[in-house]
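A.B. asks: Shown below is the structure under consideration.
Bear in mind that the values in this text are calculations on the coordinates, not laboratory data. Quick caveat, the model's predicted, so the values are computed rather than measured. Virtual Cβ from ideal backbone geometry, glycine too; neighbours counted across all protein chains shown.
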């Protein structure tokens, strides 16, 4: 059975050689264990942070050990109470075709209620990240203007749709005309900006947000966020979810200092990770499922076929090759 | 009667020639008015922002018009109900030796209960800024570590003392050995750092804060704040009160982008101005007065004598020539 390990800590943009495939011996399960066969692997920008050394909110990956991320797997054999052959589970698992688990941190999911992959997307950590980051930090009120960067990405596309459900004017920022078109026609955004062709971001945002920006859901950081910063209203809230524009930086990224902007308009900026809200996941998932069923929330996925393509799928995230959630179907 | 007007909008550090003295004719009061004689003028770093053009949270000063700031004045003549000759008032007034007022925004103060100047300091906007900025945004809990920049300044010295009252470990950052000594011996800070001699701020703060930083009350911005940013604990709160290091900048100040730090430790950064809490000033002032009476809060002032020295006193703020609140005694 194949496993994907971290071969070297990436410098700058990750390369295929930073990963390696290792074949491990088939393992046996004992009492209290089950055997899992991977079906879907979530590749996410935040994994880039775990590939670096140093203290962060979660332990860094170890060299020559399997990488872990959100995954869906099928139970192929079980000596563990509560799990039977044929069950599907979701949780943090290792990038292995087959692995042994004691069930820690795994939840059983219902393959009949929703497509398996959606448990990594809108019904999984992606949806929860959008839900809590927008509602708890952004606190959008009907009639306010919400700007989302990385808007065509996994989290961003859900953030924008939830903001629409809340009655806001929603403006998305993405990296191609095709994505911009999709945000407006498919996800119901009021306007969208292609940052690659917009010229001055500050001006493009001013034009798309005639009443200023009340909430900014930031997935990218960098110059895009600088442009938003120039258009904030008094008491604006910035939910700092990700900074994909900086994850591959090899020196400390510099930019305009934010303090004057925060003071001028009494702005709140709050970084978060989804694990901060773990006790409340149970209240969000049914709401997300309901919106999904009602057609108020649409999920987009970019599905890559084949376990062996997992490293490339991860690398492609940094060129924005995904629309919505990037998932590897094993 | 003399008045101090804005002669030109400062470029970089304000100069005496940015101000001008104009002699106006003595005015008469009519019914519903009173005549005020200035006794104390508060000079504050935030006034620098009002000297620039452009939209901010308060209107910019107009050229060739009197500057305004927090002031104490004595009523010398009154045709206004509720105010009598000999009363003292506090509020936003014009930099004039004598002026007419309808009483708008002014409160009567009791010269017997506390020194007049303290109504501009610990019992005035300075104290309120420290109180709400620390308690409402920083939310310090006993045992946590609170770092204050501009610690020997008007707001900073009060912030540190309130944090001590709350049971925190308090570390101040200031610009001279004399100030550092005063913070520890007079105001009860647990440690203090002279940023002019400390070398690496990040290392100096790490040393002074072995358990990391839970709350950062930021009066200065710039490289000092960069050093604090490297030492933040999970769920740290940054109360962004001022950015004196940037007020005289002639180009956009650049620095390390903050987003990665905010995400890594789920940090909150909140800018504010004291007017956000105007409905709650009434609850804070009695508490501040009580602490002052009990000796838990000490007030320091740098008193400059003479109305004509007001512009220079303001300019001196940016070289840190004040200890505590800078006040002009007219």
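A.B. asks: Can you give the convex hull volume per residue for the Cα atoms of the range A:111-163, as a whole number of Å³?
C.D. replies: Cα-based convex hull of the range A:111-163, divided per residue, equals 78 Å³.
A.B. asks: Between copies, how far apart are the residue A:234 label points? List them in nm, one decimal, shortest first, with each point 7 Å from Cα toward Cβ, please?
C.D. replies: Values, ascending and in nm: 3.8.
A.B. asks: Count the DSSP beta bridges whose two residues both fall in chain B, then state the antiparallel fraction as a percent rounded to the nearest 5. Intermediate results must be reported in sequence, preceding the final value.
C.D. replies: Details: 31 of 58 bridges.
Beta bridges within chain B, antiparallel portion: roughly 55 percent.
A.B. asks: Give me the percent of Cα-Cα pairs in the range A:125-275 that sit more than 18 Å apart, rounded to a whole number.
C.D. replies: Details: 5843 of 11325 pairs.
Result: 52 percent of Cα pairs exceed 18 Å.
A.B. asks: Over the Cα atoms of the range A:1-55, Rg to Rh with Kirkwood Rh, two decimal places? Provide the component values of the computation, followed by the final result.
C.D. replies: On the way: Rg = 14.7 Å, Rh = 13.9 Å.
Radius of gyration over Kirkwood radius for the range A:1-55 works out to 1.06.
A.B. asks: As a footprinting exposure proxy, order A:274, B:29 by other Cβ within 10 Å, with the fewest listed first.
C.D. replies: Least to most surrounded, the residues fall as B:29, A:274.
A.B. asks: Of the residues B:174, B:163, B:289, which exhibits the maximal mean-square fluctuation in a Gaussian network model of chain B defined by a 10 Å Cα contact cut-off?
C.D. replies: Sorting by GNM fluctuation, first place goes to B:289.
A.B. asks: What nm distances, shortest first, do you get from the label point of residue A:141 to those in the other copies when the point sits 7 angstrom along Cα to Cβ?
C.D. replies: With the label placed 7 Å along Cα→Cβ, residue A:141 yields 2.9 nm.
A.B. asks: Using Cβ contacts closer than 10 Å as the measure, can you line up A:307, A:21, A:189, B:272 from fewest to most?
C.D. replies: Fewest-to-most Cβ neighbours within 10 Å comes out as A:21, A:307, B:272, A:189.
A.B. asks: Could you list B:197, A:30 so that the one with the fewest beta carbons within 10 Å of its beta carbon is first and the one with the most is last? Don't jump to the answer; show the numbers that get you there.
C.D. replies: On the way: B:197 11, A:30 8.
So the residues, fewest neighbours to most, are A:30, B:197.
A.B. asks: On average, how much area does the Cα convex hull of the range A:1-125 cover when viewed from any direction, in nm²?
C.D. replies: Average of the hull's projected areas for the range A:1-125 equals 8.2 nm².
A.B. asks: Between helix B:281-293 and chain B, what is the angle of the helix's C-alpha long axis to the longest principal axis, kept within 0 to 90° and rounded to the nearest 10?
C.D. replies: Relative to chain B, helix B:281-293 is tipped by roughly 80 degrees.
A.B. asks: In peptide B:211-224, how many Cβ atoms from other protein chains are near each Cβ within 10 Å, on average?
C.D. replies: Rounded to a whole number, the mean comes out at 1.
A.B. asks: Let's test this: bin the Cα-Cα distances of chain B at 10 Å from zero up to the farthest pair and state each bin's percent.
C.D. replies: Values per bin, smallest distances first: 6, 26, 33, 23, 10, 3, 0.
A.B. asks: While we're on this one: Given the options A:202, A:73, A:192, state which has the largest fluctuation in a GNM of chain A using a 10 Å cut-off (strictly under) for Cα springs.
C.D. replies: Ranking A:202, A:73, A:192 by mean-square fluctuation puts A:202 first.
A.B. asks: What's the angle, to the nearest 10 degrees (0 to 90), between helix A:154-165's Cα axis and the longest principal axis of chain A?
C.D. replies: Once rounded, the angle reads 50 degrees.
A.B. asks: Using a 10 angstrom cutoff on alpha carbons, build the Gaussian network for chain B and name the most mobile of B:280, B:48, B:237.
C.D. replies: B:280
A.B. asks: Could you work out, residue by residue across A:168-175, how many beta carbons of other chains sit within 10 Å of that residue's beta carbon, and then give the average as an integer?
C.D. replies: Mean partner shielding for this stretch: 0.
A.B. asks: Something else now. Pull up the DSSP beta bridges for the range A:125-275 and report the antiparallel fraction as a percent, rounded to 5.
C.D. replies: 0
A.B. asks: Just the number, please: Stokes-Einstein D of the protein assembly as shown in µm²/s, Kirkwood Rh from C-alpha pairs, 37 °C, 0.692 mPa s. Write out the running numbers ahead of the final one.
C.D. replies: Numbers: Rh = 27.5 Å.
The estimated diffusion coefficient comes to 119 µm²/s.
A.B. asks: Follow-up. What number, rounded to the nearest 500 deg cm²/dmol, is the helix-based mean residue ellipticity at 222 nm of the protein assembly as shown, given -39500 (n - 2.57) per DSSP H run of at least four residues and division by all its residues?
C.D. replies: Theoretical 222 nm ellipticity from helices: -6500 deg cm²/dmol.
A.B. asks: Counting only DSSP beta bridges with both residues in the protein assembly as shown, tell me the antiparallel percent, nearest 5.
C.D. replies: The antiparallel fraction comes to roughly 55 percent.
A.B. asks: Follow-up question, since we're still on this one. Measuring nothing but label to label, 7 Å from Cα along Cα→Cβ, what are residue A:58's distances to the other copies in nm, shortest first?
C.D. replies: 4.7
A.B. asks: Can I ask one more? How big is the range B:168-245 along each principal axis, measuring the range of its Cα positions in Å and listing the largest first?
C.D. replies: 32, 26, 23 Å, listed from the longest principal axis down.
A.B. asks: When you look at the Cβ of every residue in A:233-244, what mean number of other chain Cβ atoms sits within 10 Å?
C.D. replies: Taking the mean over all residues of the peptide, I get 3.
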